[in-house]
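Every number in this text was worked out from the coordinates using simple rules, so none of it is lab data. Every value quoted in this text rests on a predicted model; they were computed, and no experiment measured them. Cβ placement follows ideal geometry from the backbone for every residue including glycine, while neighbour counts extend to all protein chains displayed.
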Amino acid sequence: MPFKVFEGTGCLVIRNKQLYTYLKQFGKCYDKYIPNDLKNLSPKLLNVLIDWLILGDGSCYQNNNRKKVCTYYTTSKKLKDDFEEILLKTGRTYHTTVREPRDTYINGRLIKKENCVHCFETRLRRNNKAHVKSLHKKLIPYKGKVFCLRLKKHHNFYVRRNGTGYFTGNCGAGPVVAGAVRIPDFYPSDFFDGYINDSKKMSSKKREEAFGLITDKCDFGIGVISNNIIDAINILEATKLAMKKAINDLISGTDYLLIDGTVKLSDMHCPQKQVIKGDAISISIAAASIIAKVHRDRIMLDLHKKYPVYGWDTNKGYLTKKHLEGIKLYGITEYHRESFRRVGR
């Protein structure tokens, strides 16, 4: 911001006669936004900015539990995205809903919904336990798909795509599946070249071909943990349990473990090494990832035949638009992960 900003008593103080010219550039109410200079202020000053934005275009009240509930309203989608961004930068969590236009009366005068616009309502959550100690921006090229994301407790992951904010999360239905593969020593190092790769970079047809080769030539194990157990012990612990089941399913046993990611398994009687992005580095990890994904995809295809309204044949249980529409219209099934946000409680 081209002005010096001072901290007053619960407010921001700017001493400059050109402030009007600066504010004029923000345009009409439907095109408002928060400039980058303001979004990059310290968390302490951002909290002051949030309070004043709510004071100007929001509301606060005490609910039945005498807890303060604050909500911010705007008709500008860009301003809504910017407001969500500064909330995350101050460690706050929130929930945004879109209010559809409808006919209403103001002082006895009918206001047609055609003359209205959508209103974005962002409600701040009271259980804000997250605290952002430092901010990091990292550009990661991808082809429009985020497969899975695991975060530390009370952490948020925020994606901006073409000016729009997106949140990513885990699967909303079906089991968690892990794979373990031991490749025999007598195969040459290039035996599987052209067949085994990072499963996320392979087409479904290629994964099926690789699955047949791996299960025919290698010792493998598969661990499956149901959605009910996921709800009972959480997704991380369920993933660990699936990994242990896959390892115990190996016929030849294990003397050393290569584990994709940072997960550490307890009560293992052999050394283990965690490998970040292991499916792109280790052929054994890549093979285990392939059999786990193919096995789970087959499970979801079978479940799709029983419940076709959720689109599990294509989204494999991830919370896509079609999946969420199915939940809204038909409710959830016995295969949904009820403990996950936007699914159950």
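Ranking of Lys277, Lys322 by neighbouring Cβ atoms within 10 Å, starting from the fewest: Lys277, Lys322.
Within a straight-line Cα-Cα reach of under 20 Å, Lys316 can be paired with the following aspartates and glutamates, leaving aside sequence neighbours fewer than 8 residues apart in one chain: Asp198, Glu208, Glu209, Asp231, Asp297, Asp302, Glu325, Glu334, Glu338. From least to most packed, judged by other beta carbons within 10 angstrom and beginning with the fewest, Asp216, Asp231 follow the order Asp216, Asp231. Would you mind ranking Cys70, Cys11 so that the residue whose beta carbon has the fewest other beta carbons within 10 Å leads the list? Lowest to highest Cβ neighbour count: Cys11, Cys70.
One Cα centroid belongs to the stretch 292-345, the other to the stretch 47-92; the line between them spans 33 Å. With R₀ set to 25 Å, the beta-carbon distance separating Cys270 from Glu237 gives a calculated FRET efficiency near 0.75.
Amide H contacts for Gln272 (H built 1.01 Å from N in the peptide plane; partners 5 or more residues away or on another chain; cut-off under 5 Å): Leu257. The mean of 1/r over all pairs of different alpha-carbon atoms in the stretch 176-330, once inverted, gives a Kirkwood hydrodynamic radius of 16.6 Å. Note on Lys306 and Lys321: the model spin-label points, each 7 Å out from Cα along the C-beta direction, lie 2.9 nm apart.
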